[in-house]
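Derivation of every value follows stated rules applied to the coordinates shown; laboratory data play no part. This is a predicted model, so every value here is computed, not measured. Please note: Cβ atoms are built from the backbone with ideal geometry, for glycine as well, and neighbour counts cover all protein chains shown.
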Number of protein chains: 2
Amino acid sequence: MKKRNAIVGQSGGPTAVINSSLYGVIIEAKRYEEIGTVFGMIHGIEGVLKDELIDLFEETGETLNWLTYTPGAALGGCRYMLKSTDPDDEDIKRIFSVFERYNIGYFFYIGGNDSMDTANKIYEAARKIGYELSVIGIPKTIDNDLPETHHCPGFGSAAKYVATSVKEAGLHTESMYTSEPISILTTVGRNTGWLPASSILAKGSKRDAPHLVYLPEMPFSKEQFLKDVEKIHKEVGGVFIVTGEGLIDEKGKYVGVSESKVALDAFGHPELGSVGEYLKIMIEKELKLHTRTIKLDICQQSAMHFASIRDRDDAILVGKTAVKIAIDGNSGVMITLEEEKGKTGATSLSNVANIERKMPRDLLNKERSLPSEKYIDYVKPLIEGEVKIPIADGLPEYRRLKGR
Amino acid sequence: MKKRNAIVGQSGGPTAVINSSLYGVIIEAKRYEEIGTVFGMIHGIEGVLKDELIDLFEETGETLNWLTYTPGAALGGCRYMLKSTDPDDEDIKRIFSVFERYNIGYFFYIGGNDSMDTANKIYEAARKIGYELSVIGIPKTIDNDLPETHHCPGFGSAAKYVATSVKEAGLHTESMYTSEPISILTTVGRNTGWLPASSILAKGSKRDAPHLVYLPEMPFSKEQFLKDVEKIHKEVGGVFIVTGEGLIDEKGKYVGVSESKVALDAFGHPELGSVGEYLKIMIEKELKLHTRTIKLDICQQSAMHFASIRDRDDAILVGKTAVKIAIDGNSGVMITLEEEKGKTGATSLSNVANIERKMPRDLLNKERSLPSEKYIDYVKPLIEGEVKIPIADGLPEYRRLKGR
C-alpha cells in the first residue's frame, strides 16, 4: 500500500456549517492507513499557490470538535479562479509541484459552483499531467444553487435564520403599522430564490410576515410591485417584504443595480445587495409609506447561534463521504445529498462546475407570487433541530485551529 | 375603597422584551382589589384617541405567558406625540373623556424618552384638570439612552444579539480577508453609542472583531477613519468595523446623511442608517478595499431567539414595580433599574422626558477609540442567560393576544 497525503480546502464564502465538513474530512481520513496526514490549504487554492499549508492531524481532538460549532471557514475561504487546465499554465505548474513535494494523493475541495470549477480544473490538469490524484468536491452553499444534489449543506441553517428573523422582524413591523408600515428584508442567494423563499416558513396566516416575496425566478415589474404593496397595505395595515438580492426586471437587468455601479466581485460577478434600498425609495416616493430596510448580509452565512442540526449533520456527512469514496478509487466527482437524511450520491464535477440551479417552476405557486406548498415541504426538514453551542458569559464560544 | 381601572400602552419601537413589561403590569395588577381591570391601548396613545382599547383581564394565563417569549409590541407601538398639556387641547380633551368613560385611575406607559414625554404630558394635564390619575412610566429602549436608570430593559437583549452577530460575522470576514477584507456593521442607537459599543464583548484578542468601533460620542474624522482602517488592514489582514447610526462629524452634522435626504421619522427625528453604505463607498474609493455592509435594523429590536434572561427579568420587574408604586399612591414618575439585579427606584418623569443619556467619558478608552474596560464591566451582566423559547418545526413559536 502506497501511503499518500490528503489536502483539503474551503472555497468561496463560508457557511455556518462549512467547518463541519472540514471536521468530517479530518475525522474520516484518520481511519485509513492509506492516508498519511491531511494538509489544510490556507485560503483555498491560494494556500497551495503560496505554499501555505497546515498539518491538520496535529490539531487536538478538542479543537476538531470545536469545528462543528464555529462559523467562518477555519482554514480561510477564497475567490480565486484557475484560468486553465494546461500543464504549462503557471498556476497549474505551481500547484502540482506543491502536490509532489507534499506527496498529495487526495484533493478535497469544499465549495459552491465556482469552487467546483476549481476542483474540476485540478482534476483535468492531473489527468493531462498523468499525476495520480483523487479529486472530490464537497458541496457547500447557502444559496442552495448547486445542481444534482437535493440540497446543499449551509442552506438549511441560513434558511432557519432567515425565517426566524422574518418571523421576529415581522411581529415588530406589525407593531408599528401606524407609523412605519413597511419593512423590506434583503437576503443573499445571487441569481436564485432558494434562500429568500425560505422566509415563507415564518408565515402561518395571512396576517403573518412575509406578505410579499420576490425571487430572481419571478420577472420583476415595478408597476405590479407597487400594486402588490398597496393592496396588502390596504388589507393588512402594513407590508413585510422579502426579496432576493438578484431580482431581474422585464429587460433582463438586475433591479436596483445601476449600470454605472455594477461593481464586480473577485469571482467576476456584479455586486448585488442594494435592491432593498431601491425598493424603499420607490415605495416612499410613489406610495408615501415609511419603509425600513434590513440587510443581514454575512450574518446569514454565519449565524451558528441558531443553526440547524440536520444541516450540521449533512455537512459532516458529505465531508466523511468524500474521504470514503476517494479511498474507494473515485475522482472527478462531487458528493450529493438525497432527500432522506444520511443518504448520499455523487455526480461528475463537470455537471456542477459554474452551473447555477434555479428554483423549478413547481416550487412557486400558480401566480408565481409566493413559494408553493411543495417548496415548503422541501425546505421544512432542512431547518430542523438547533445545534447546541457552548456559551460563556452570555455569548457563543468559538475557536480557531491551533495552526491558524 | 374606590375600585378603578388601569390602562397600559406600549410606545415607540418595540424591544425583544417589551411584552415582558406588559406581562408584569397585568400579572401584578391582578393582585390588587383596587384595580378593576387593565385596558390595553392599541398603538399606544393613538389607541386612547381612537377609543381602541382591549380588556387584558380577558386574556388567558397561557396567552399571558406567551408575552414573555414573543417579540414586537403585543398591543402595538406608536410614534404619536402630544402637543400640549392644556385642558382645552383637542387631544387632551379626548383622552380624558375616554379615561372618564372607562373609569381609568392608573396610566402605565412603556417606552423611551419620547414616550416618557407623552406620559409626562398626561400627568401634567391630569393635574391641571384635577383628574385623579396615577401616571407611571415603564422604561424601555434598546438604545439604553434613558437618564436616571442604570440601564434600560431591551438593551441587554439587543447588546447580546449585536455582540453575537459581530462575533459570527467577524469570523466569517476573517475567512475572506484575501478577497473581501472589510465588513461594516451598522447598529441602531440614534445619538448614543451604548448599543454599537456592546459589540466590544465579541472581542477576546487583537485579531477578533470588532477592530474599530465608531460611536456618536466620538467626533468622526474622515481622515482619521481612513488611517485607522489602513493601519488595521496592514496589521491584521482585514478590518471589522462597527458603527452607530448617528455618527457626528467635526462640523456637528450626521455622517452619511446628506442634507437633502434628512427624511424625518414620525417623531420628527432625521432618518438614520445609511452611514455604513457611506463608509463603504469611502473605503472602496480611497483604499480600494472590497467592503461588505450589514444592517440588522429591526432584528436588533426583535431577536427573541437569543434574548438575555437578565433583560427579560428586568422587563417583567419594571412592569410589576410600576403597578406596586401606583397602588402606593405615586404618580408622575418612571421606574428605574439599579445595577444589582432585582433592585428598582423611581425618578420624576420630567427628568427623563425627551432627554437622551450619552455614554459618559469614562466608558470610552483614553484614545476615545474603543469602549473602556469599565463599559465592559457595565454591560456584561446585562446579556447573561438565554431565554428559552418554545420551538416548533425548527422555528420559534410566537403568539398574539386574543384581543388582537
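Starting from the exponent 0.38 and prefactor 2.2 Å, build the expected Rg for the range B:158-300 from its residue count and divide its actual Cα Rg by it. Walk me through the numbers before you get to the answer.
Details: Rg = 14.3 Å, N = 143, 2.2 N^0.38 = 14.5 Å.
My calculation over the Cα atoms of the range B:158-300 gives 0.99.
Report the gain in length on full extension from A:Asp328 to A:Asp89: 0.36 nm times residue separation, minus Cα-Cα distance, nm rounded to one decimal. Please list the in-between numbers first.
Details: separation 239, 0.36 × 239 = 86.04 nm, distance 3.02 nm.
Result: 83.0 nm gained on full extension.
How do B:Met359, A:Met218 rank when sorted from fewest to most other Cβ atoms within 10 Å of their own Cβ?
Details: B:Met359 23, A:Met218 19.
By the 10 Å Cβ count, ascending: A:Met218, B:Met359.
Enter the mean number of other protein chain beta carbons within 10 Å of the beta carbon of each residue in B:395-403, as an integer. Display every interim value, and only then the final one.
On the way: counts 12, 7, 2, 7, 2, 5, 0, 0, 0.
Other-chain Cβ atoms within 10 Å of each residue's Cβ, averaged: 4.
Given the pairs B:Lys167/B:Lys234; A:Lys206/A:Lys380; B:Lys160/B:Lys231; A:Lys280/B:Lys388; B:Lys206/B:Lys341, which span a C-alpha to C-alpha distance of over 25 angstrom in this model? Could the numbers behind the result be given before it?
Values: B:Lys167/B:Lys234 21 Å; A:Lys206/A:Lys380 19 Å; B:Lys160/B:Lys231 28 Å; A:Lys280/B:Lys388 35 Å; B:Lys206/B:Lys341 32 Å.
Exceeds cut-off: B:Lys160/B:Lys231; A:Lys280/B:Lys388; B:Lys206/B:Lys341.
Dipole size in debye (nearest 20) for chain B around its Cα centre, Lys and Arg Cβ +1, Asp and Glu Cβ -1? Write down the numbers at each step before the final one.
Details: 51 positive and 58 negative charges, 70 e Å.
Roughly 340 debye for chain B.
By DSSP, what percent of the beta bridges with both residues in chain B are antiparallel, rounded to the nearest 5? Can you show the working numbers first?
On the way: 14 of 47 bridges.
Of those bridges, close to 30 percent are antiparallel.
Please tell me the relative contact order of the range A:112-196 in percent, rounded to the nearest whole number, where contacts are Cα pairs under 8 Å and at least six residues apart.
Details: 76 pairs, mean separation 21.7, N = 85.
About 26 percent, as a whole number.
Report the relative contact order of chain A, percent, no decimals, based on alpha-carbon pairs under 8 angstrom and at least 6 residues apart.
Working: 929 pairs, mean separation 92.4, N = 404.
Result for chain A is 23 percent.
When N is the residue count of the range B:196-263, what does its C-alpha Rg come to as a fraction of 2.2 N^0.38 Å?
Details: Rg = 13.3 Å, N = 68, 2.2 N^0.38 = 10.9 Å.
Scaled against compact globular proteins, the figure is 1.22.
Between the range A:1-29 and the range B:189-247, what is the separation of their alpha carbon centroids in Å?
34 Å
Give me A:Asp114, B:Asp91, B:Asp55 ranked fewest to most by other Cβ atoms within 10 Å of their Cβ, as a rough exposure proxy. Can you show the working numbers first?
Details: A:Asp114 21, B:Asp91 18, B:Asp55 14.
Least crowded to most crowded, the residues run B:Asp55, B:Asp91, A:Asp114.
Percent of Cα-Cα pairs more than 24 Å apart in the range A:261-404, please.
Values: 6233 of 10296 pairs.
Considering the range A:261-404, 61 percent of its Cα-Cα pairs are separated by more than 24 Å.
Along the axis that rotates chain B into chain A, which residue of chain B has the nearest beta-carbon, and what is the gap in whole Å?
B:Lys295, 2
Which distances, in nm and shortest first, link the A:Lys50 label point to the same label point in every other copy, taking 7 Å along Cα→Cβ?
With the label placed 7 Å along Cα→Cβ, A:Lys50 yields 5.8 nm.
What FRET efficiency, computed as 1/(1 + (r/R0)^6) with R0 = 51 Å and r the Cβ-Cβ distance, is obtained for A:Glu284 and B:Glu338, rounded to the nearest 0.05? Kindly include the intermediate steps, with their values, before the conclusion.
Working: r = 43 Å, r/R0 = 0.83.
Once the sixth-power term is evaluated, E becomes 0.75.
Suppose a student asked you for the relative contact order of the range A:158-301, using Cα pairs under 8 Å spaced at least 6 residues apart; what percent would you report? List each step's numbers first, then the result.
Values: 274 pairs, mean separation 44.6, N = 144.
That works out to 31 percent.
Of the beta bridges DSSP finds with both residues in the range A:158-301, what % are antiparallel, to the nearest 5?
Details: 2 of 17 bridges.
Given both bridge residues lie in the range A:158-301, the antiparallel proportion sits at roughly 10 percent.
Among all the lysines, which ones have a C-alpha under 17 Å from B:Lys3's C-alpha, if same-chain residues fewer than 8 places away are not counted?
Of all the lysines, those that pass the test against B:Lys3 - Cα under 17 Å, at least 8 places apart if same chain - are B:Lys30, B:Lys324.
Can you spot the aspartates and glutamates whose alpha carbon is less than 12 Å from B:Lys2's alpha carbon? Ignore those fewer than 8 places along the same chain.
Straight-line reach from B:Lys2, under 12 Å: B:Glu33, B:Glu34, B:Glu132.
Using only the Cα atoms of the protein assembly as shown, construct the convex hull and provide its projected area averaged over every direction, in square nanometres to one decimal.
Details: hull surface 132.8 nm².
Average projection, Cα convex hull of the protein assembly as shown: 33.2 nm².
Suppose every Lys and Arg Cβ carries +1 and every Asp and Glu Cβ carries -1, with no other charges. What dipole size does the range A:158-301 come out with about its Cα centre, to the nearest 20 debye? Let's see the in-between values first.
Numbers: 18 positive and 19 negative charges, 55 e Å.
The dipole of the range A:158-301 has a size of about 260 debye.
Considering every residue in A:216-227, what mean count of other chain Cβ atoms within 10 Å of its Cβ is obtained? Before the final figure, lay out the partial values.
Working: counts 0, 0, 0, 0, 0, 0, 0, 0, 0, 0, 0, 0.
Whole-number average of other-chain Cβ neighbours for A:216-227 is 0.
Put a label point 7 Å from Cα along the Cβ direction on B:Lys358, then list its distances to the equivalent points in the other copies in nm, shortest first.
5.4
Hey, if you put +1 on the Cβ of every Lys and Arg and -1 on every Asp and Glu Cβ in the protein assembly as shown, which of A:Asn103, A:Leu317, A:Ala159 ends up farthest toward the positive end of that dipole?
In the protein assembly as shown, that residue is A:Leu317.
From the helices alone, meaning DSSP H stretches of at least four residues, give me the mean residue ellipticity at 222 nm for chain B, per-run term -39500 (n - 2.57), in deg cm²/dmol to the nearest 500.
Values: 11 runs with 131 residues, N = 404.
Helices in chain B give a 222 nm mean residue ellipticity of -10000 deg cm²/dmol.
Across the residues of B:287-300, average count of Cβ atoms on other protein chains within 10 Å?
Working: counts 0, 0, 0, 5, 0, 7, 5, 7, 9, 7, 11, 15, 11, 3.
Across the residues of B:287-300, the mean count of other-chain Cβ atoms within 10 Å is 6.
Among DSSP beta bridges whose residues both lie in the protein assembly as shown, state the antiparallel percentage, nearest 5. Mind dumping the intermediate values first?
Values: 29 of 95 bridges.
Bridges in the protein assembly as shown that DSSP calls antiparallel: roughly 30 percent.
Students often check this: by mean Cβ neighbours within 10 Å, which of A:204-214, A:229-239, A:79-89 ranks highest, and how do the rest follow?
On the way: A:204-214: 19.1, A:229-239: 17.2, A:79-89: 15.5.
Final packing ranking: A:204-214, A:229-239, A:79-89.
What is the calculated FRET efficiency for A:Asn354 to A:Asp249, with r their C-beta to C-beta distance and R₀ = 25 Å, to the nearest 0.05? Walk me through the numbers before you get to the answer.
On the way: r = 24 Å, r/R0 = 0.97.
FRET efficiency, A:Asn354 to A:Asp249: 0.55.
Using the Cα centre as the reference, give the magnitude of the dipole from point charges on the C-beta atoms of the protein assembly as shown (Lys, Arg: +1; Asp, Glu: -1; all else neutral), rounded to the nearest 20 debye. Please report the intermediate quantities before stating the final value.
Numbers: 102 positive and 116 negative charges, 55 e Å.
Taking the Cα centre of the protein assembly as shown as origin, the dipole is about 260 debye.
Just the number, please: Stokes-Einstein D of chain B in µm²/s, Kirkwood Rh from C-alpha pairs, 20 °C, 1.002 mPa s.
Values: Rh = 21.9 Å.
The calculation lands on 98 µm²/s.
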